[in-house]
1. Given Leu270, Leu219, Leu253, Leu265, which one is open to solvent by less than 30 Å² (accessible area, probe 1.4 Å), not polar (S, T, N, Q) and not in a helix (DSSP H, G or I)?
2. Of everything in segment 16-59, what is surrounded by 16 or more Cβ atoms within 10 Å (Cβ to Cβ), among the small types (Gly, Ala, Ser) and either over 19 Å from the mean Cα position of the chain (by Cα) or under 15 Å from Thr226 (Cβ atoms) (or both)? Give them in sequence order.
3. Take the residues of segment 191-215 that are open to solvent by less than 50 Å² (accessible area, probe 1.4 Å) and of a type in the set (A, V, I, L, M): which is farthest from Ala83 (Cα to Cα)?
4. Quick one: which strands (runs of 3 or more DSSP E) lie wholly within segment 115-177 and hold at least 2 residues that are among the charged types (D, E, K, R)?
5. Starting from segment 11-24, keep only residues that are within 9 Å of Ser62 (Cβ to Cβ), then list their pairs with residues that are small (Gly, Ala, Ser) and open to solvent by 20 Å² or more (accessible area, probe 1.4 Å) whose Cβ atoms are within a distance under 9 Å, requiring at least 6 positions of separation or different chains.
6. So, in segment 68-96, of the ones that are aliphatic (A, V, I, L, M), closer than 21 Å to Gly166 by Cα and outside any loop (DSSP other than H, G, I, E, B), which residue ends up most open to solvent (accessible area, probe 1.4 Å)?
7. Within segment 100-149, which residues are more than 21 Å from the chain's Cα centre (by Cα) and open to solvent by 50 Å² or more (accessible area, probe 1.4 Å)?
8. Using beta carbons and a limit of 7 Å, which pairs, at least six apart or on different chains, have the first residue in segment 50-61 and closer than 18 Å to Glu209 by Cβ and the second one open to solvent by 40 Å² or more (accessible area, probe 1.4 Å)?
Amino acid sequence: MTSSEIRQKFLDFFASRGHQIVPSSSLVPGNDPTLLFTNAGMVQFKDTFLGDEQRDYNRATSSQRCVRAGGKHNDLENVGYTARHHTFFEMLGNFSFGDYFKRDAIKYAWEFLTVELGLPAEKLWITVFEDDSEAESIWLEEMKIDPSRFSRLGEKDNFWSMGDTGPCGPCSEIFYDHGEDVPGGPPGSPDEDGDRYIEIWNLVFMQYEKKADGSMTPLPKPSVDTGAGLERVAAVMQNVHSNYEIDLFQDLLKAISTITGVDDLNNNSLKVIADHIRSCSFLICLLYTSDAADE
């Protein structure tokens, strides 16, 4: 399944379940001085979560272009040296603005992965925030997840916010096990930073607004913000262990190899160049279209 086919399948799945398909927003957020770049799918919905903006739909889905090269979510130092990190990537997401909450978010994700994509349940590992007994109950008692593939983790891993301030909440993450031949341990283990268990989907249960002083107040309505990395899902569906082996990267890596004279497509420097070219290209497109609009 190509990356384009995965993207479309995701959008179609949620559109058939009452979600409005919303185009990707700009890589530079409008009217948000807290972020340099759009770093997650929920950025364009920030004011909706806070109750400051009303939309004519309460469910949405998108494939958001993102850049993470600084700030709270900064993957720059890992790019090229892990199988999964990028500065530029696409985040598939489904969102609820005061409509459904934890139960439906979990059920939708599980159905898409195991039914629509056909992933075996035994290859998936689930984590929840350590104090979120509700999400734990849904996964273990309703979805019948094997407790041996389930972890309760702390704030560092399972409490999400887009920045130092703004909407936030506990989250539940879904990992894919790439197999014993890939180094790394399950979430919460000493070897969790390896590439065997890759997070492919984060289900964030938006419940609070975090203030500059660190205090948190409840949002007007409990909501849902999810993010699934297109490149990571593509690696699973294309039976490879690294994002750099998927269709979106191979032609680019081969062209860089030809120009540099480096034959090894697994060379870390080639991966860094390929990643940065993608980021630069989309940022240049953004600047070009912005200048054209100003003129």
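1. Working: Leu270 fails: not in a helix (DSSP H, G or I); Leu253 fails: not in a helix (DSSP H, G or I); Leu265 fails: open to solvent by less than 30 Å² (accessible area, probe 1.4 Å).
Matching residue, one of Leu270, Leu219, Leu253, Leu265: Leu219.
2. Ala40, Gly41, listed by residue number.
3. Among them, the one singled out is Met206.
4. Values: elements: 124-129, 150-153, 159-161, 166-177.
Here the list reads 166-177.
5. Cβ pairs passing all conditions: Ile21/Ala15.
6. We begin by selecting, within segment 68-96, every residue aliphatic (A, V, I, L, M); these are 69, 76, 79, 83, 91-92.
Filter again for closer than 21 Å to Gly166 by Cα, leaving 69, 91-92.
Keeping just the survivors that are outside any loop (DSSP other than H, G, I, E, B) gives 91-92.
Working: Met91: 27, Leu92: 2 Å².
Filtering segment 68-96 for residues that are aliphatic (A, V, I, L, M), closer than 21 Å to Gly166 by Cα and outside any loop (DSSP other than H, G, I, E, B), the one most open to solvent (accessible area, probe 1.4 Å) comes out as Met91.
7. Of everything in segment 100-149, those that are more than 21 Å from the chain's Cα centre (by Cα) and open to solvent by 50 Å² or more (accessible area, probe 1.4 Å) turn out to be Glu122, Asp131, Ser133, Glu134, Glu141, Glu142, Lys144, Asp146, Pro147, Ser148.
8. What qualifies is Leu50/Glu209; Gly51/Pro220; Glu53/Asp47.
The values are calculated or read from the model by the stated rules, or taken from the named source; none is laboratory data. Computed from a predicted structure; not experimentally measured. Note: ideal-geometry Cβ built from the backbone for every residue, glycine included; neighbour counts use all protein chains shown. Accessible surface areas use protein heavy atoms only, side chains included; no ligands, DNA or RNA. Shrake-Rupley method; radii C 1.70, N 1.55, O 1.52, S 1.80 Å.
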